[in-house]
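Here is the structure we will look at, set down as C-alpha cells.
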C-alpha cells in the first residue's frame, strides 16, 4: 500500500458526481477542490449558500452549490429532493460537515446539536440519496469521523440527547463514534444487498480548521497559538477522506487516518477505530434508533 499517498494520487474523476457536505471551508473545501480539479462534477452542500458560492469561485472545474442545513430534517429532505431533480446519479457522497464542542444547544428538530448535525443529519441525507448511488458502479459513501470518537465516547441510549446533563466532549465523542458505527452497519447492509456501492470512513488527525472555534475559551486561545506546531494544514487533513473516496484499493468498512504518531499528522493510511465502535449490537440499535428519530429508512 502507498505509504506517502497525496492528492496527486487521486485518479481521474471525469464523469463522476461528488456531493460534499460542509464544503465552503476547511477539510470539505480542500476535498471538493481536489475532486473538482480531477474532473468531477462537485456539489458543495452547505448551510450558507453565499459562502458556498465564494468557495466555488475559488475552485476550478464544474462546481455548484446546494443549500443543506443538517440541523433541520426539512432542509435535508429539501436538499435531497433538489439533488434528485438535478443529478440522475451520484458517485461520491462525502459526509464531511460537522460541529465540535458546541455549548448545549438543540437542532431545529430538538436533537442535541452535535449528535443531530454530525450523525442524524448525515444519516438522513445518506438514506435519502442512496438510491442515486446504488446503481452506480464503484460509488461510495465516505463519512468523516475523528480521533475524538475514543474520548469519553459511548452511545448513551438512556439519554441520547443529553437532556439530564451535558458534556461538550462527551457529546462530540458520541457523535463521532456514531459516524463510525453508521459506516460499519451501512457497509454490512450494502454487502448483503449485492451492490458495488461501499461505505468507508476517514478522520483528519488534528487539522488547523475553524472547528476549534466552539472550544471553551480557556482552551481556544492555547489551541490557536499552538496550532502550527500541533496540527497539519487542512489540505493534509483532507487526504484521508480523499483516499477513502477515490483509492481503487479501498474496501468497504475501512477507516483511513494520518500515518504519524498518534494519527495526529501525516499521509493517509488504513487505521483502526476503538473497540467500542465495532460492537455489532450497538451498531444495529443505533441504526434502528436513528431511523426512528429521522423518519428515514434505507433501501438496503
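Side notes on the structure shown:
- Identity of the residue in region 154-182, out of contact with any helix residue (DSSP H, G or I) (no Cβ under 9 Å at 6 or more places or on another chain) and not in a loop (DSSP other than H, G, I, E, B), that ends up surrounded by the most Cβ atoms within 10 Å (Cβ to Cβ): 170
Here is a yes/no grid of residues against (1) within 30 Å of residue 165 (Cα to Cα); (2) surrounded by fewer than 16 Cβ atoms within 10 Å (Cβ to Cβ); (3) in contact (Cβ under 8 Å) with a residue 12 or more places away in the chain:
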{"position": "6", "(1), (2), (3)": "no, yes, yes"}
{"position": "22", "(1), (2), (3)": "yes, no, yes"}
{"position": "35", "(1), (2), (3)": "no, no, yes"}
{"position": "72", "(1), (2), (3)": "yes, no, yes"}
{"position": "83", "(1), (2), (3)": "no, no, yes"}
{"position": "88", "(1), (2), (3)": "no, yes, yes"}
{"position": "109", "(1), (2), (3)": "yes, no, yes"}
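- For residue 137, the conditions (1) in a helix (DSSP H, G or I); (2) exposed (fewer than 15 other Cβ atoms within 10 Å of the Cβ) are fulfilled apart from (1).
- Residue 64 meets the conditions (1) without any contact (Cβ under 8 Å) to a residue 24 or more places away in the chain; (2) within 21 Å of residue 175 (Cβ to Cβ) in every case but one. The failed one is (2).
- Residue 279 meets the conditions (1) crowded, with 21+ Cβ neighbours inside 10 Å; (2) more than 17 Å from the chain's Cα centre (by Cα) in every case but one. The failed one is (1).
- Under the condition of being modelled with pLDDT under 95, surrounded by 18 or more Cβ atoms within 10 Å (Cβ to Cβ) and in a helix (DSSP H, G or I), the residues counted in region 183-213 number 1.
The values are calculated or read from the model by the stated rules, or taken from the named source; none is laboratory data. Please read all numbers here as calculations on a predicted model, not as lab measurements. Here Cβ is always computed from backbone atoms with ideal geometry, including for glycine, and neighbour counts include all displayed protein chains.
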